[in-house]
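Visitor: Please read through the structure below; I'll follow up with questions.
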Amino acid sequence: MISALEALERLREGNRRFVAETRDPTAATSTARRRSLVDGQEPFAVILGCSDSRVPAEIVFDQGLGDLFVIRVAGNIVAPSQVGSVEFAVEQFHTRLVVVLGHSQCGVILTTLQELRRRTEEQSRNLRSIVERVRPSVEGLLDTDLRHDPQALVHHAVRANIRMSADHLRHGSGVLEQLIENDGLLVVGAEYSLETGEVEFFNGVPAAA
Ligand SMILES: [Zn+2]
């Protein structure tokens, strides 16, 4: 079993390779690797990321087959099926690191901010269910001076939403709470920059193994 801190270091190194364009594109998906995984998997991290086409977890962390258990949903929100997916992975594979990965300029955050300012009646019930999950983390920001600065507002809203999802995973499941308390499970937030390709892990995340 790989500890949360080791897993974190692997992700940091992988992201550095991605940014520096030093990754080996064939190693991650080789036939040998595929064959070695037929009988089982041991992903070293769970990533709950946004579905945005520009943020594929395996690529931005330079990982391959069998490395990451990835859950992607627009706006990296946490609904019961996401909690269930994380529980499944950490129990089945003993994965000890969970990363909520949001990103700059997230379209779901932009839509939610728009929606908070002007209700869009034609929005479908399904899309609304995503927006409603983002809303609590960002609506308070509209009462601050950030409302006069659209760029800063989106930046803070993205981060607030990541923090809320991470908190939800930490406290919204007895199974996860127990593993955090007794078994070295770590749930962290991180933001991917579309502009630089870098993933920034949030404050409070340990620096190195
Ligand atoms: Zn997004």
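Visitor: Considering only segment 1-106, give the helices (runs of 4 or more DSSP H) lying wholly within it that have at least 1 residues that are surrounded by 19 or more Cβ atoms within 10 Å (Cβ to Cβ) and not acidic (D, E).
Guide: Per the criteria, 4-20, 57-60, 80-93.
Visitor: In addition: Within 16 Å of the ligand (Cβ to nearest atom), of a type in the set (A, V, I, L, M, F, W, C) and in contact (Cβ under 8 Å) with a residue 40 or more places away in the chain - does that describe any residue in segment 82-92?
Guide: Looking for residues that are within 16 Å of the ligand (Cβ to nearest atom), of a type in the set (A, V, I, L, M, F, W, C) and in contact (Cβ under 8 Å) with a residue 40 or more places away in the chain, one finds none in segment 82-92, hence no.
Visitor: Could you check T111 against (1) more than 26 Å from S81 (Cα to Cα); (2) hydroxyl-bearing (S, T, Y); (3) out of contact with any strand residue (DSSP E or B) (no Cβ under 9 Å at 6 or more places or on another chain) and say which number it fails?
Guide: In the conditions (1) more than 26 Å from S81 (Cα to Cα); (2) hydroxyl-bearing (S, T, Y); (3) out of contact with any strand residue (DSSP E or B) (no Cβ under 9 Å at 6 or more places or on another chain), T111 misses (1) alone.
Visitor: Condition first: of a type outside the set (A, V, I, L, M, F, W, C) and away from the ligand (no atom under 15 Å from the Cβ). Now tell me which residues in segment 93-114 satisfy that.
Guide: H94, T95, R96
Visitor: Please go through segment 37-68 and give me each residue that is among the β-branched types (V, I, T) and within 12 Å of the ligand (Cβ to nearest atom), ordered by number.
Guide: V55
We did not get these values from a lab; they are worked out from the coordinates using the rules stated. Since we're looking at a predicted model, the values are computed, not measured. Glycine also receives a Cβ, built like all others from the backbone with ideal geometry; neighbour counts cover every protein chain displayed.
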